[in-house]
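For reference, the structure discussed in these notes is given below.
The values are calculated or read from the model by the stated rules, or taken from the named source; none is laboratory data. Computed from a prediction, not measured in an experiment: that's the story for all the values here. Counting neighbours? That spans all protein chains shown, and the Cβs are built from the backbone with ideal geometry, glycine included. The accessibility values were calculated without ligands, DNA or RNA, using every heavy atom of the protein model including side chains. Shrake-Rupley method; radii C 1.70, N 1.55, O 1.52, S 1.80 Å.
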Amino acid sequence: MNLYSTSLRKVALLAGAGAVAAAGLTGMSAAQPAQASEQGVWDKVAECESGGDWHINTGNGYYGGLQFSAQTWNAFGGSGTADEHSKAEQIDIAQKVLKEQGPGAWPVCGEKAGLTKSNGAADEGGGSGDDGKKDDGGSKDDGDSGKVGLAGNVTVSG
């Protein structure tokens with residue numbers, strides 16, 4: 001065996017290992033498409049509305065992952081504010097809002113996430129998300145425009 005061919009094999013082995021490591025660092029893996037498909041439409045809406053924090057309360061008058069106003073949350077059967085409840089409970093209320101008002105209740109983030117009456121009703125929130133984080137900082141604003149989220153435009157009929 002000559003020294004030249006042994007060195008070439010080592011270089012090829014190292015290059016192959018480097019490519020595998022680089023693929024791992026850049027997120028290129030066989031598992032990535034499966035992980036991306038696990039994220040439901042409500043997770044996508046929440047990622048846009050609240051950075052995916054299902055227990056957020058920044059003091060802006062909107063609460064939880066889907067940024068419900070207290071008025072909308074209570075009108076559709078919630079108690080307190082959305083940030084005090086689980087991801088599953090927030091999705092349950094969101095499905096009620098979606099059934100009555102359609103995806104336009106989240107006009108920017110709903111569109112970005114591809115929210116429809118059909119996929120929103122079918123998504124029970126089995127994807128990633130509710131990590132138990134809660135942000136209790138900020139002051140509460142008692143004024144309520146009836147909007148679901150920052151870009152939402154939900155009207156509540158009584």
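Given a 1.4 angstrom probe, I'd like the percentage of the accessible area of region 44-90 that is carbon and sulfur, rounded to a whole number.
Working: 670 of 1430 Å².
Ligands and nucleic acids excluded, carbon and sulfur reach 47 percent.
If the chain between Glu111 and Ser79 were fully stretched, how many nm would it gain, using 0.36 nm times the residue separation less the Cα-Cα distance?
Details: separation 32, 0.36 × 32 = 11.52 nm, distance 2.74 nm.
Between Glu111 and Ser79, full extension yields an extra 8.8 nm.
Per-residue HN-Hα couplings for region 41-58, Karplus 6.51 cos²θ - 1.76 cosθ + 1.60 at θ = phi - 60°, whole Hz, x for Gly and Pro?
Calculated HN-Hα couplings, in order: 5, 5, 4, 5, 5, 5, 4, 6, 6, 9, x, x, 8, 6, 10, 7, 9, 8 Hz.
Could you order Ser86, Ser118 so the one with the most accessible surface comes first? Probe is 1.4 Å.
Details: Ser86 40, Ser118 90 Å².
Accessible-area ranking of Ser86, Ser118, largest first: Ser118, Ser86.
For region 40-133, what does the equivalent ellipsoid look like in terms of its semi-axes, each the square root of 5 times an eigenvalue of the Cα gyration tensor, given largest first in whole Å?
Values: eigenvalues 59, 43, 30 Å².
Its equivalent ellipsoid spans semi-axes of 17, 15, 12 Å.
Taking the Cα-to-Cβ direction at Lys99 and at Ala121 and moving 7 Å from each Cα, how far apart do the two end points lie in nm?
Inter-label distance under the simple model: 0.8 nm.
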